[in-house]
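The values are calculated or read from the model by the stated rules, or taken from the named source; none is laboratory data. Keep in mind that this is a model prediction, so the values were computed, not measured. Here Cβ is always computed from backbone atoms with ideal geometry, including for glycine, and neighbour counts include all displayed protein chains.
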Amino acid sequence: MARRQLQTLTEPMYYVLLCLKKPLHGYGIMQKIDEVTQGRVKVGPGTLYNLMDRFVKEDIVQRVETSGKKKTYQLTDKGYELLDAEIKRLKTLIADGEKMI
């Protein structure tokens, strides 16, 4: 798996990875996150491209196409594993919380 600090994702990281289950370019990622979260989570270009650079370096996402200024990305197998682990972690947190209600 990725470095230890990626075992718990921030909200922007989580939503970026969710968006990249299918190939998508940067602006499309920002739009999709805004749509899915109904504006609750905002990921600006600086944050997005810093994350993308890091994710590419760590083989979590890969660039699949470049057309002009648009760069299209997609999850790698390692990215799918990281996202699946985070979804399981979040489900466990919810289940624990429901037990305590």
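How many residues are of a type outside the set (Gly, Ala, Ser), under 15 Å from Cys19 (Cβ atoms) and either modelled with pLDDT of 95 or more or surrounded by 13 or more Cβ atoms within 10 Å (Cβ to Cβ) (or both) when one looks only at segment 65-83?
Filtering segment 65-83 down to residues of a type outside the set (Gly, Ala, Ser) leaves 65-66, 69-78, 80-83.
Imposing the further condition that a residue be under 15 Å from Cys19 (Cβ atoms) reduces the set to 70-76, 80, 82-83.
Now restrict to residues that are either modelled with pLDDT of 95 or more or surrounded by 13 or more Cβ atoms within 10 Å (Cβ to Cβ) (or both): 71-76, 80, 82-83.
Adding up the residues that qualify gives 9.
Among the residues here, Met52 qualifies as at pLDDT 95 or above and not acidic (Asp, Glu).
When the criteria are applied in full, Gln5 fails the requirement of being out of contact with any helix residue (DSSP H, G or I) (no Cβ under 6 Å at 6 or more places or on another chain) and modelled with pLDDT of 95 or more.
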